[in-house]
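Everything on this sheet refers to the single structure shown next.
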Amino acid sequence: MTKTFGELAVCLRPDYSGGMETVAHMSAQTPRQKISTGWALIIDDHPLFCDALELTLRVLGEFTEVLTADCMEGGLRMLDGAPAPALILLDLNLPDVSGLDGLIRIKRCAEKSPVVIVSSMTDNAIINGAIAAGASGFVPKHSGRAVFKEALAEIANNGVYKPNGFVESDNGSDHAQIMARLSSLTNQQGRILELICEGKLNKQIAYDLSIAEGTVKAHVTAIMRKLGVQRRTQAVLVAQEARFFNTLPNAN
């Protein structure tokens with residue numbers, strides 16, 4: 001049985017074995033060495049930093065596998081049909097996704113998995129938005145290994161890791177509310193909102209998703225209710241709030 005992340009993080013120990021441990025490799029080991037603590041997923045498009053994150057996880061935790069993806073779609077494909085990972089490390093600045101909408105998509109796909117944002121973008125608005133959208137922690141990319149260990153321990157205690165220097169805003173702030181509302185959408189509702197943002201009508205959405213047009217209408221109604229809007233155009237504007245260019249103040 002796969003252990004929870006809490007059970008995983010309390011048994012932190014160094015592991016200098018190097019290379020990738022696959023399921024096949026694990027099955028070849030002695031029964032005493034068959035530690036099934038779940039797998040971890042890293043989504044980052046910088047190869048060297050991705051390698052560093054992988055090594056960090058192997059040193060700080062025990063995973064059956066540590067898999068990596070260099071884009072959001074690649075990460076979602078790995079999650080599709082797989083057991084929920086024990087941990088996901090996510091960079092927000094990926095080639096095929098903009099800002100916090102990537103986190104929201106990951107949380108819809110793996111809602112029970114803790115997601116830690118690892119990003120060079122450390123503005124308070126982004127950190128607040130990420131936490132409101134369901135992130136279990138936020139670690140700046142310049143952090144050392146000790147910070148990652150601290151983050152894992154905090155998450156293991158059902159806490160949310162926040163970096164030093166972070167100034168928490170009011171939970172009722174407009175931006176936090178928007179992120180919380182977007183993260184409340186189901187997978188199907190999120191996909192329909194994406195298609196609405198592409199300018200597609202209910203009939204086209206029904207065709208794309210192979211569902212009845214009446215079902216689409218019901219989902220659209222639910223989406224607007226959850227987002228607190230009355231028109232489709234307003235729903236699109238809310239969705240745009242998850243993008244970096246609206247999250248970062250005075251960004252050039």
Quiz item: Limited to region 110-130, what total is found for residues that are closer than 19 Å to E241 by Cβ, in a strand (DSSP E or B) and touching a residue at least 60 places away in the same chain (Cβ under 8 Å)?
Solution: 0
Quiz item: Do we have K141 as at pLDDT 90 or above, assigned by TED's automatic domain parsing to the domain that holds L92, under 30 Å from H46 (Cα atoms) and in contact with a Phe, Trp or Tyr (Cβ under 9 Å, 6 or more places away or on another chain) here?
Solution: yes
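Okay, residues lined up against (1) among the β-branched types (V, I, T); (2) assigned by TED's automatic domain parsing to the domain that holds I117; (3) in contact with a Leu (Cβ under 9 Å, 6 or more places away or on another chain); (4) under 30 Å from A176 (Cβ atoms):
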site: L41; (1), (2), (3), (4): no, yes, yes, yes
site: R58; (1), (2), (3), (4): no, yes, no, no
site: T68; (1), (2), (3), (4): yes, yes, yes, no
site: M72; (1), (2), (3), (4): no, yes, yes, yes
Exercise. Please work out if A130 is farther than 16 Å from L90 by Cα and small (G, A, S).
Key: no
Exercise. For F166, indicate whether it is over 23 Å from L76 (Cα atoms), aromatic (F, W, Y) and either free of Cβ contacts under 8 Å to residues at least 40 places away in the same chain or not in a helix (DSSP H, G or I) (or both).
Key: yes
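Residues are listed down the side, and each one gets a yes or a no for (1) modelled with pLDDT under 50; (2) of a type in the set (S, T, N, Q); (3) crowded, with 16+ Cβ neighbours inside 10 Å; (4) on the phi < 0 side of the Ramachandran plot:
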site	(1), (2), (3), (4)
K34	yes, no, no, yes
I42	no, no, yes, yes
H46	no, no, no, yes
F49	no, no, no, yes
E54	no, no, yes, yes
T64	no, yes, yes, yes
D80	no, no, no, yes
Quiz item: Since R13 meets every condition but one in (1) modelled with pLDDT of 50 or more; (2) closer than 22 Å to K149 by Cα, which condition does it not meet?
Solution: (1)
Quiz item: Being modelled with pLDDT of 90 or more and not hydroxyl-bearing (S, T, Y), is that true of even one residue in region 170-192?
Solution: yes
Self-check item: region 119-170 - residue that is of a type in the set (D, E, K, R) and out of contact with any helix residue (DSSP H, G or I) (no Cβ under 6 Å at 6 or more places or on another chain) and, of those, nearest to R181 (Cα to Cα)
Solution: D170
Exercise. Identify the single condition in (1) in the same structural domain as T233 (by TED's automatic domain parsing); (2) more than 30 Å from T233 (Cα to Cα) that V147 does not satisfy, given that it satisfies every other one.
Key: (1)
Quiz item: A151 is checked against (1) modelled with pLDDT of 90 or more; (2) loosely packed, with under 14 Cβ neighbours inside 10 Å; (3) more than 18 Å from D101 (Cβ to Cβ) and fails just one. What number does that condition carry?
Solution: (2)
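The values are calculated or read from the model by the stated rules, or taken from the named source; none is laboratory data. Here the structure is a predicted model, which means the values were calculated and not measured. Note that each Cβ is placed from the backbone with ideal geometry, even for glycine, and that neighbours are counted across all protein chains shown.
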